[in-house]
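K.L.:
This is the structure, below, for whatever I ask next.
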């Protein structure tokens, strides 16, 4: 089917709009993920959300809100444990995400029959974005982007030096907690499109390409956002055109762009 | 800390500490330390590794809890933070991270980083405005340290805290940092407290030295405080560096 005809379908329109919103959100958050070296966080939260999805399916309610609340709690718990337990953040995330995922697997044992919702959450599906999901994505993304815009200086400063930021009067703990919460919410919002297994790629690949190409911080943000949007649009197009899973198409597009950026940088260096 | 009437020293001193103890769990890192740094002085906390120097500075800056009384310009740190600057010991960031010197300086509060202010502080630390467009990760150790000092003086602080300002940089960079410290003190009257284990630098640059090894072992002008006996007590071995330096004086 020609692309223009495909674009007339409401579910395709919803998916593209949601994808563009999520591209912007994940690229902006991804800059801080790379700056604070917390790439594992997104992956962990995405996997941990499986328990929330399983609880929702078992209870017969819409999975997304339950998964969002579950991930929010996991993010807050990671933040709390960081302060209380003498273990690296990566270890804490590793423990919590595997525990949460194991809980999800156990709960699914009590859900009889094939679960199309569950499969779409695991690997992503462009058919799964409903109007409610789009509004939820738009609302939460707007709130997070507004916070990022207001806290841009503080967040960047504390990501470079927490001590200097604290002395300058920046509320380091509060901003860190809000970053964790924002990351958890953004990751779960993107799970429907990319799937639990692949979602963290969109937090990592566009900022990684932005970093290769940028000379300054402004360019870093700009390139990351542009690359994220191109990755999502091209990935979705390939998914529609060749009937491929959306998450895998988007991630493979991003990886191809990463290879091109690396070659371009080597040639111009 | 219990509220009590402020003594004259506490009110007039740039930094005042009385009976300060710092504990990490059961382990006492700093024990019953009292001292006063007067306004306009350059002072240094000297001691071997693990003696509590950085910990004491962090306590003064309100970064870690402590017992006892600490005031800056007669007030608690949180009430005077706008008049304080700080350069941490470790500024470990990914050197490939794309951020320019100007962007880094502009992370400060909006009112502190006008174009003219950013250019002024860069000149104050002995760098040219050309450095503003350079990536932070491309600077030499000495240049980076001076940019960090520039960032710390954007708010024109009355008191500046420097934790090991010349560690890990070459001799040229070290001299440049020392020049900046002298300039800020002489031209702007900035009180400076730094952590250091460089006895030669301390003996030439600072007005007051605090010898710390968990307890305050000596305090006063370097000439009076840094005796062979106090250095041996502080470092636990015969210390020839200071002797060598004294011969050259």
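The values are calculated or read from the model by the stated rules, or taken from the named source; none is laboratory data. Predicted model only: the values in this text are computed from it and were never measured. A quick note on method: Cβ atoms are made from the backbone with ideal geometry, for glycine too, and the neighbour counts reach across all protein chains shown.
K.L.:
Taking only pairs six or more apart or across chains, which ones have beta-carbon atoms under 7 Å, a first residue in segment A:87-112 that is over 15 Å from residue A:41 (Cα atoms), and a second residue that is in a helix (DSSP H, G or I) and modelled with pLDDT of 90 or more?
P.N.:
A:103/A:51; A:104/A:51; A:107/A:51; A:107/A:55
K.L.:
Output the residues belonging to segment A:146-181 that are under 27 Å from residue A:19 (Cβ atoms), more than 14 Å from chain B (Cβ to nearest Cβ) and touching a helix residue (DSSP H, G or I) at 6+ places or on another chain (Cβ under 9 Å).
P.N.:
Result: A:147, A:148, A:178, A:179, A:180, A:181.
K.L.:
In this structure, is residue B:170 under 20 Å from residue B:192 (Cβ atoms), surrounded by fewer than 19 Cβ atoms within 10 Å (Cβ to Cβ) and either without any contact (Cβ under 8 Å) to a residue 40 or more places away in the chain or away from chain A (no Cβ under 14 Å) (or both)?
P.N.:
no
K.L.:
For segment B:168-207, enumerate the residues that are within 21 Å of residue B:92 (Cβ to Cβ) and out of contact with any helix residue (DSSP H, G or I) (no Cβ under 9 Å at 6 or more places or on another chain).
P.N.:
none
K.L.:
Also, I was wondering about something else. Got a number for residues in segment A:231-249 being part of a helix (DSSP H, G or I) and either crowded, with 20+ Cβ neighbours inside 10 Å or over 19 Å from the mean Cα position of the chain (by Cα) (or both)?
P.N.:
Matching residues across segment A:231-249 total 13.
K.L.:
So, of the residues in segment B:98-132 that are touching a strand residue (DSSP E or B) at 6+ places or on another chain (Cβ under 8 Å) and at the interface with another protein chain (Cβ under 8 Å from one of its Cβ atoms), which turns out to be nearest to residue A:162 (Cα to Cα)?
P.N.:
B:99
K.L.:
Looking at this structure, is residue A:254 free of Cβ contacts under 8 Å to residues at least 60 places away in the same chain, closer than 25 Å to residue A:4 by Cα and either in a loop (DSSP other than H, G, I, E, B) or within 16 Å of the chain's Cα centre (by Cα) (or both)?
P.N.:
So residue A:254 fits the description; yes.
K.L.:
Only one of A:228, A:143, A:184 is assigned to a helix (DSSP H, G or I), out of contact with any helix residue (DSSP H, G or I) (no Cβ under 8 Å at 6 or more places or on another chain), within 23 Å of residue A:44 (Cβ to Cβ) and away from chain B (no Cβ under 14 Å); which?
P.N.:
Answer to the check: A:143.
K.L.:
Any residue in segment B:85-101 that is part of a helix (DSSP H, G or I) and touching a helix residue (DSSP H, G or I) at 6+ places or on another chain (Cβ under 7 Å)?
P.N.:
Yes - at least one qualifying residue is present in segment B:85-101.
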